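*Asks:* Once you've had a glance at the structure underneath, I'll fire off some questions.
The values are calculated or read from the model by the stated rules, or taken from the named source; none is laboratory data. Bear in mind that the values here come from a model prediction, so they are computed numbers and not experimental data. Here the Cβ positions follow ideal geometry from the backbone for every residue, glycine too, while neighbour counts run over all protein chains shown.
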Amino acid sequence: MSELVEERTQGGGWEDLASYGRVLAPGEVDVSHGAILYLEDITVSFDGFKALNRLSLDISAGELRCIIGPNGAGKTTMMDVITGKTRPDSGSAFFGQSLDLTRMTEAEIAHAGIGRKFQKPTVFENHTVFENLELALKCDKRVRPTLLARLNAAQREAIAEVLETIQLTDQAGRPAGLLSHGQKQWLEIGMLLIQEPKLLLLDEPVAGMTDAETDHTAELLLQLAGRHSVIVVEHDMDFVARIARKVTVLHEGSVLAEGDMAAIQNNERVIEVYLGR
Ligand code: ADP
Ligand code: MG
């Protein structure tokens, strides 16, 4: 146990990064080889059952990647590995060139710039939209705890910008509890964005949304691509078709197919195990 703790505190911190060719600023992730995430041969077993089975996957910096696949394919487990919630039995997981995710705690991983949105929105219902973003900003571990401090001009500007991105500027003064389901989801995405994540993980972001809300979410994610790297797990194939660049199909814990939407939709194996005929 103490050995484990020891190991984790030694590896993965940005303090180590100065030794890698170029000196990185605190919080910077080394994407000099083009990729922001590397998963290689990741296996996760639960009582002998392999939820992930030698899964390998690379995500480029600025990429918007869709991950699809039948229930039980291992999509959520993959996100659990990336965020440090689940430790793989074997395989490697790197954030940029040098941050070994398998040696970092969940807090360290969040701090390094990986933000995750779960399915159920968890906004503070009694606080206004603006206050929710303010709280998210002040809970950012990279800045000193300043919950009681007044916002400075740069912070106000950052909140205004996120409100524009999530199109909730006109709702800023409303209690979050009064928002629609879709608006709450966007607010929660905004609460991640305000912490400027480098990689954003979204698990089924349009579940339960109306068609109009789903359209709006597609626009939002397309806007984020390039500025952030985004991994979206989603079942709604119309939605995936709207935002897809590269799509990865997971099946039984490993990659079944990868390619653009047309290639995926015409892939015999994918049709067989997921899309149906
Ligand atoms: P998906 O998100 O693609 O539907 P999951 O990653 O949630 O798939 O699950 C993959 C498989 O691993 C499923 O068969 C699931 O029952 C199993 N599984 C996931 N988490 C656990 C756990 N904590 N304990 C036991 N089995 C689990
Ligand atoms: Mg899942």
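*Asks:* Would you check if there is a residue in region 176-184 being crowded, with 22+ Cβ neighbours inside 10 Å, among the aliphatic types (A, V, I, L, M) and in contact with a His (Cβ under 8 Å, 6 or more places away or on another chain)?
*Replies:* Taking every residue of region 176-184 in turn, at least one turns out to be crowded, with 22+ Cβ neighbours inside 10 Å, among the aliphatic types (A, V, I, L, M) and in contact with a His (Cβ under 8 Å, 6 or more places away or on another chain).
*Asks:* Could I ask something else about it? Residue by residue through region 38-86, note down the ones that are touching a residue at least 12 places away in the same chain (Cβ under 8 Å), more than 16 Å from ligand 2 (Cβ to nearest atom) and not in a strand (DSSP E or B).
*Replies:* Selection gives Ala61, Gly62, Glu63, Gly84.
*Asks:* Let me ask another. Among the numbered criteria (1) free of Cβ contacts under 8 Å to residues at least 40 places away in the same chain; (2) crowded, with 17+ Cβ neighbours inside 10 Å, which single criterion is violated by Asp211?
*Replies:* That leaves (2) as the condition not met.
*Asks:* Let me ask something else about it. Which of the following residues is part of a helix (DSSP H, G or I), under 30 Å from Thr43 (Cβ atoms) and touching a residue at least 12 places away in the same chain (Cβ under 8 Å): Val240, Val230, Val249?
*Replies:* Working: Val230 fails: part of a helix (DSSP H, G or I); Val249 fails: part of a helix (DSSP H, G or I).
Sole residue among the options that is part of a helix (DSSP H, G or I), under 30 Å from Thr43 (Cβ atoms) and touching a residue at least 12 places away in the same chain (Cβ under 8 Å): Val240.
*Asks:* Oh, and also: Of all residues in region 220-236 being within 16 Å of ligand 2 (Cβ to nearest atom) and farther than 16 Å from Glu63 by Cβ, which is nearest to the chain's Cα centre (by Cα)?
*Replies:* Within region 220-236, the subset within 16 Å of ligand 2 (Cβ to nearest atom) is 231-236.
Then keep just the ones that are farther than 16 Å from Glu63 by Cβ; that gives 235-236.
Values: His235: 16, Asp236: 18 Å.
If we take residues in region 220-236 being within 16 Å of ligand 2 (Cβ to nearest atom) and farther than 16 Å from Glu63 by Cβ, then His235 is nearest to the chain's Cα centre (by Cα).
*Asks:* Only one of Arg87, Arg54, Arg116 is basic (Lys, Arg), farther than 30 Å from Gly173 by Cα and surrounded by 14 or more Cβ atoms within 10 Å (Cβ to Cβ); which? Show your work before the answer.
*Replies:* Numbers: Arg87 fails: surrounded by 14 or more Cβ atoms within 10 Å (Cβ to Cβ); Arg116 fails: farther than 30 Å from Gly173 by Cα.
Sole residue among the options that is basic (Lys, Arg), farther than 30 Å from Gly173 by Cα and surrounded by 14 or more Cβ atoms within 10 Å (Cβ to Cβ): Arg54.
*Asks:* Give the residue that is modelled with the highest pLDDT, with candidates limited to residues of region 64-84 that are touching a helix residue (DSSP H, G or I) at 6+ places or on another chain (Cβ under 8 Å) and surrounded by fewer than 20 Cβ atoms within 10 Å (Cβ to Cβ). Even if it seems obvious, please write down each step before you answer.
*Replies:* Here is the first cut: in region 64-84, the ones touching a helix residue (DSSP H, G or I) at 6+ places or on another chain (Cβ under 8 Å) are 64, 66-70, 81-84.
Right, trim to surrounded by fewer than 20 Cβ atoms within 10 Å (Cβ to Cβ) and you get 70, 83.
On the way: Pro70: 92, Thr83: 97.
Of everything passing the filter in region 64-84, Thr83 is modelled with the highest pLDDT.
*Asks:* Would you mind stating whether Leu137 is more than 14 Å from ligand 1 (Cβ to nearest atom), in a helix (DSSP H, G or I) and buried (at least 23 other Cβ atoms within 10 Å of the Cβ)?
*Replies:* Details: more than 14 Å from ligand 1 (Cβ to nearest atom): yes; in a helix (DSSP H, G or I): yes; buried (at least 23 other Cβ atoms within 10 Å of the Cβ): no.
Spelling it out, it is not the case that Leu137 is more than 14 Å from ligand 1 (Cβ to nearest atom), in a helix (DSSP H, G or I) and buried (at least 23 other Cβ atoms within 10 Å of the Cβ).
*Asks:* Go over the candidates Asp41, Asp30, Asp58 one by one and state the one that is of a type outside the set (S, T, N, Q), in contact with a helix residue (DSSP H, G or I) (Cβ under 8 Å, 6 or more places away or on another chain) and away from ligand 1 (no atom under 16 Å from the Cβ).
*Replies:* Values: Asp41 fails: in contact with a helix residue (DSSP H, G or I) (Cβ under 8 Å, 6 or more places away or on another chain); Asp58 fails: in contact with a helix residue (DSSP H, G or I) (Cβ under 8 Å, 6 or more places away or on another chain).
After applying the criteria, what remains is Asp30.
*Asks:* Are any residues in region 219-249 out of contact with any strand residue (DSSP E or B) (no Cβ under 7 Å at 6 or more places or on another chain) and surrounded by 20 or more Cβ atoms within 10 Å (Cβ to Cβ), and if so, which ones?
*Replies:* Phe239
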